[in-house]
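The values are calculated or read from the model by the stated rules, or taken from the named source; none is laboratory data. Because the structure is predicted, anything quoted here is derived from the model rather than measured. Cβ atoms come from the backbone with ideal geometry, glycine included; neighbour counts cover every protein chain shown. All accessible areas refer to the heavy atoms of the entire protein, side chains included, with ligands and DNA or RNA removed. Shrake-Rupley method; radii C 1.70, N 1.55, O 1.52, S 1.80 Å.
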Amino acid sequence: MISYKPLFTTMSKKGITSYALFKKGFSKSTYYSIQKGNSVSTNTINQLCELLNCSISDIIEYVDDET
(Lines give C-alpha, C1' and ligand atoms only; values in the text may rest on other atoms or scores of the structure.)
Protein backbone atom coordinates (compact mmCIF):
# COMPACT_ATOMS: atom_id res chain seq x y z
CA MET A 1 0.00 0.00 0.00
CA ILE A 2 1.07 3.59 -0.53
CA SER A 3 1.78 5.62 2.59
CA TYR A 4 1.87 9.41 2.80
CA LYS A 5 3.82 9.39 6.06
CA PRO A 6 6.92 10.87 4.33
CA LEU A 7 4.83 13.88 3.26
CA PHE A 8 4.02 14.83 6.82
CA THR A 9 7.62 14.22 7.91
CA THR A 10 8.88 16.42 5.07
CA MET A 11 6.42 19.16 5.91
CA SER A 12 7.50 19.08 9.54
CA LYS A 13 11.22 19.17 8.67
CA LYS A 14 10.69 22.13 6.35
CA GLY A 15 8.38 23.95 8.75
CA ILE A 16 5.52 23.94 6.23
CA THR A 17 2.00 23.79 7.64
CA SER A 18 -1.13 22.69 5.85
CA TYR A 19 -2.22 26.33 5.95
CA ALA A 20 0.94 27.32 4.06
CA LEU A 21 0.14 24.71 1.39
CA PHE A 22 -3.37 26.08 1.06
CA LYS A 23 -1.99 29.61 0.66
CA LYS A 24 0.24 28.32 -2.17
CA GLY A 25 -2.85 26.99 -3.96
CA PHE A 26 -2.97 23.38 -2.80
CA SER A 27 -6.51 22.08 -2.45
CA LYS A 28 -7.83 21.60 1.08
CA SER A 29 -10.01 18.68 0.01
CA THR A 30 -7.04 16.93 -1.58
CA TYR A 31 -4.96 17.48 1.56
CA TYR A 32 -7.68 16.02 3.77
CA SER A 33 -8.05 13.11 1.35
CA ILE A 34 -4.33 12.41 1.69
CA GLN A 35 -4.65 12.50 5.48
CA LYS A 36 -7.25 9.73 5.19
CA GLY A 37 -4.89 7.66 3.02
CA ASN A 38 -6.96 7.95 -0.16
CA SER A 39 -5.42 7.68 -3.60
CA VAL A 40 -4.29 10.82 -5.40
CA SER A 41 -3.16 11.47 -8.96
CA THR A 42 0.40 11.76 -10.15
CA ASN A 43 -0.40 15.40 -10.90
CA THR A 44 -1.08 15.91 -7.19
CA ILE A 45 2.23 14.25 -6.27
CA ASN A 46 3.95 16.48 -8.82
CA GLN A 47 2.31 19.59 -7.36
CA LEU A 48 3.44 18.64 -3.84
CA CYS A 49 7.01 18.04 -5.07
CA GLU A 50 7.03 21.50 -6.66
CA LEU A 51 5.51 23.24 -3.64
CA LEU A 52 7.82 21.53 -1.15
CA ASN A 53 10.86 21.46 -3.46
CA CYS A 54 11.44 17.77 -2.81
CA SER A 55 11.45 14.37 -4.50
CA ILE A 56 8.69 11.78 -4.77
CA SER A 57 10.25 9.69 -2.00
CA ASP A 58 9.75 12.67 0.31
CA ILE A 59 5.99 12.47 -0.38
CA ILE A 60 5.06 8.79 -0.65
CA GLU A 61 6.45 5.34 0.11
CA TYR A 62 5.40 1.79 -0.54
CA VAL A 63 4.62 -0.29 2.55
CA ASP A 64 4.10 -4.04 2.19
CA ASP A 65 0.60 -4.96 3.44
CA GLU A 66 1.77 -8.37 4.64
CA THR A 67 4.08 -7.06 7.34
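Coupling constants for the stretch 56-65 follow from the phi torsions by the Karplus curve (6.51 cos²θ - 1.76 cosθ + 1.60, θ = phi - 60°), and in residue order they are 4, 5, 7, 10, 9, 8, 8, 10, 5, 5 Hz; glycine and proline get x.
Charged side chains reduced to their Cβ positions (Lys and Arg at +1, Asp and Glu at -1) give the chain a dipole of some 520 debye around its Cα centre.
Per-residue 3J(HN,Hα) values for the stretch 3-8, derived from phi via the Karplus relation 6.51 cos²θ - 1.76 cosθ + 1.60 with θ = phi - 60°, read 10, 9, 3, x, 4, 5 Hz in sequence order (x marks Gly and Pro). Here the spin labels are modelled as points 7 Å beyond Cα on the Cα-Cβ line, and at I16 and L51 they lie 0.7 nm apart. Probing with 1.4 Å while keeping every protein chain in the model, the per residue accessible area of the chain equals 68 Å². Placing dummy labels 7 Å off each Cα toward the beta-carbon, the span from Q35 to K23 is 1.8 nm. Counting Lys and Arg as +1 and Asp and Glu as -1 over every other residue whose Cβ lies under 11 Å from the Cβ of C54, the net charge comes to 0.
With no solvent and one point on each alpha carbon, what is the Debye value of log10 I(q)/I(0) for the chain at q = 0.16, 0.23 Å⁻¹? Cα-only, vacuum Debye calculation for the chain: -0.49, -1.02. Cross-link partners of K28 among aspartates and glutamates, defined as those whose alpha carbon lies under 19 angstrom from its own and excluding same-chain residues fewer than eight positions apart: E50. Split the accessible area of the chain by element, probe 1.4 Å, and carbon with sulfur accounts for 49%.
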